[in-house]
1. So which residues in the stretch 163-180 are out of contact with any Pro (no Cβ under 7 Å at 6 or more places or on another chain) and closer than 18 Å to Ser67 by Cβ, if there are any at all?
2. Kindly list, by first and then second residue, each pair from a residue in the stretch 93-119 that is assigned to a strand (DSSP E or B) to a residue that is modelled with pLDDT under 70 and basic (Lys, Arg), limited to pairs with Cβ atoms under 8 Å and residues at least 6 apart or on different chains.
3. Please go through the stretch 173-183 and give me each residue that is closer than 18 Å to Arg45 by Cβ and surrounded by 15 or more Cβ atoms within 10 Å (Cβ to Cβ), ordered by number.
Amino acid sequence: MGFNNSDDYRRTEEEIILYINKYLELDFTTEQKYLEFNKNKVWFRARPNAITIDQNQKITSVLSIKSQFLERALWRDHPYWSHVLQLSLYLFLAGIDQGYLCLCQLSYEKEAITEFKSQLEMEDSYLLNQNISYYLRPKLNDMQALPISYQITEVWKNNHKKDTPLTIWKIKINSQQFSTVIDDISEWWDSYLTDSPELTKKEKRQAKKAMKKIY
């Protein structure tokens, strides 16, 4: 991630959130609990980097912050597919369909040092409001490949050469498609879920010895 310790990470995350709030006129906060969803004894649990809430304490948007080394990567017009999937999970758990994905390009030479001085500017893109689709192909043969679509509705970048490069995409997901993926995962797990068999006396003694070694 380009950070020497967790303090570096938290500091940079806080700087990015303040930077986004200032120029996008949002009110992201990091004061939130994990989002959870349970189906067929399968728990989906995740915590976005930040959220916005309304007067009724309902989540209205989420923010996912990602980083990569500038020396290894080309400047991207669209987010990584894995990043979109993670944001999609946050949105699904929050019960909304739009959120923000931020990609921060760090430098090996500067390590965790970040500079955000120039204004974030909205940019035009040929990808705006286009339906972008992928197939999620599980490695397990008994799970089907399912389509997932999303749209990029807005893009912001900071273009000053001295700034740490930053891109923000506002993304709208196809909630129905992602819900189908969650259902498929839950049903697959439920079909394979079995109760643990009763241990024999010998197995119980062996388990007790093993626990004593651990504790």
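1. Within the stretch 163-180, Asp163, Thr164, Pro165, Leu166, Thr167, Ile168, Ile171 meet the criteria.
2. Short answer, once both residue conditions are applied: Leu103/Arg76.
3. Once the filter is applied, which keeps residues that are closer than 18 Å to Arg45 by Cβ and surrounded by 15 or more Cβ atoms within 10 Å (Cβ to Cβ), the stretch 173-183 yields Phe178, Val181, Ile182.
The values are calculated or read from the model by the stated rules, or taken from the named source; none is laboratory data. These figures come from a predicted structure and were not determined experimentally. Cβ sites come from the backbone with ideal geometry, for glycine too, and all protein chains shown count toward neighbours.
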